[in-house]
Amino acid sequence: MLGLQYFSFNDLWSPLILALFLIIAAAYLVLVGPLSEQIKDAEPATAAQKIMFITGLFVLYLAQAGPFNLLGHVMFSFHMVSMAFSYLVAPPLMMKGLPIWVWRRIVRWLPTRQLSFLAHPIVAAVLFNGLFSLYHLPIVHDYVMLNFTVHRLYYIALFITSMLMWWTLLNPLPEGRQASGLSKIGFIFLNMVLLTPACGLIIFASEPLYQTYSNPEVWAEAMRYCVSGDSTALLRSFGGPAFFNFLSSAKEDQQVGGIVMKFIQEGIFASMLAYVFFQWYRKEKQEDDDDSYPAGGAGGPLNPAAK
């Protein structure tokens, strides 16, 4: 299916990286479980938190080292699914999966005074969407895909900036600066707007933009980083990425990738918009109710005359 049968288990699942993710998952479960009982001011994570963190970790693994990573080197549409999983799905799940006491210790260890400006909503939104858009300029994308060290560093930078971007919406620290409901709604719309030009460039391009998905020789070189053995054997066996492309052309694959990315982003942020609006509405309603019935006031619940 999708040509995966032509690749080995190592190519599909990256056992060493899988082992690393399993170690991270085990360390997390120990930290927020039995070990938390030995730490001052710590409480065990809830079942929901554990499910969210492990799910986010699994999604990140699939996108960066599992089958979606390999498929993302074969078809651009899967590359965009991998990007969406890595930076729009995994980060919020992992952030929500960490208990407050863990976040307090992380913030305590970081030079927050010097780096706090990076978490400013506008700075975070521009950083993430700017890096994402820059990455999808053809000359930048092909260079990053062909240079393993740059590739890893760029993806780490994208992950960190995506966490900063999500911080405005999911700040788990009650004592930290919390954005208002209206500010969060504006922030969501800002992110939706900032990503649009990159997706538009990809969707409406008149020809394939990326050599790594249209030029067999460049594709084979890029595949060196996700398959074992001599990647030039792929050229002899399959002739190029077109063999695996079930769409009509590289251009169509590229257009589908841009559409998929935009739809996933719109869906996630639309869900966040509904959640933020509901939380904002509930908070405003509660404050109005509190103002209408002050404690001990006329008609209030503590006024004996009201009984």
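Quick look at the values:
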quantity: Members of segment 90-110 that are of a type outside the set (A, V, I, L, M, F, W, C), open to solvent by 40 Å² or more (accessible area, probe 1.4 Å) and touching a residue at least 60 places away in the same chain (Cβ under 8 Å); calculated: Lys96, Arg104
quantity: Odd one out for Val74, checked against (1) crowded, with 16+ Cβ neighbours inside 10 Å; (2) closer than 24 Å to Tyr275 by Cβ; (3) among the β-branched types (Val, Ile, Thr); calculated: (2)
quantity: Criterion: modelled with pLDDT of 85 or more, open to solvent by 60 Å² or more (accessible area, probe 1.4 Å) and over 28 Å from the mean Cα position of the chain (by Cα) - qualifying residue of Ser206, Ser271, Ser292; calculated: Ser206
quantity: Some residue of segment 185-196 being at pLDDT 90 or above, outside any helix (DSSP H, G or I) and open to solvent by less than 70 Å² (accessible area, probe 1.4 Å); calculated: no
quantity: Top-ranked residue in segment 225-250 [being in a helix (DSSP H, G or I) and touching a residue at least 60 places away in the same chain (Cβ under 8 Å); ranked as surrounded by the fewest Cβ atoms within 10 Å (Cβ to Cβ)]; calculated: Ser237
quantity: Every residue from segment 155-184 that is under 19 Å from the mean Cα position of the chain (by Cα) and of a type in the set (A, V, I, L, M); calculated: Ile156, Ala157, Leu158, Ile160, Met163, Leu164, Met165, Leu169, Leu170
quantity: Lone unmet requirement of (1) of a type outside the set (Val, Ile, Thr); (2) under 26 Å from Thr232 (Cα atoms); (3) open to solvent by 10 Å² or more (accessible area, probe 1.4 Å) for Lys40; calculated: (2)
quantity: So Arg177, is it basic (Lys, Arg) and part of a loop (DSSP other than H, G, I, E, B); calculated: yes
quantity: Lone qualifier among Arg113, Arg152 - being of a type in the set (D, E, K, R), open to solvent by 40 Å² or more (accessible area, probe 1.4 Å) and under 17 Å from the mean Cα position of the chain (by Cα); calculated: Arg152
quantity: Residue among Glu43, Glu37 that is free of Cβ contacts under 8 Å to residues at least 40 places away in the same chain and among the acidic types (Asp, Glu); calculated: Glu37
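Let's see how each residue does on (1) over 16 Å from Tyr135 (Cα atoms); (2) not hydroxyl-bearing (Ser, Thr, Tyr):
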| site | (1), (2) |
| --- | --- |
| Pro197 | no, yes |
| Tyr213 | no, no |
| Pro216 | yes, yes |
| Ala233 | yes, yes |
| Ala250 | yes, yes |
| Val260 | yes, yes |
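The values are calculated or read from the model by the stated rules, or taken from the named source; none is laboratory data. Predicted, not measured: the structure shown is a model, and the values here were computed from it. All Cβ positions, glycine included, derive from the backbone under ideal geometry; neighbour counts span all protein chains shown. Please note that ligands, DNA and RNA were not included when accessible areas were found on the heavy atoms of the full protein model with its side chains. Shrake-Rupley method; radii C 1.70, N 1.55, O 1.52, S 1.80 Å.
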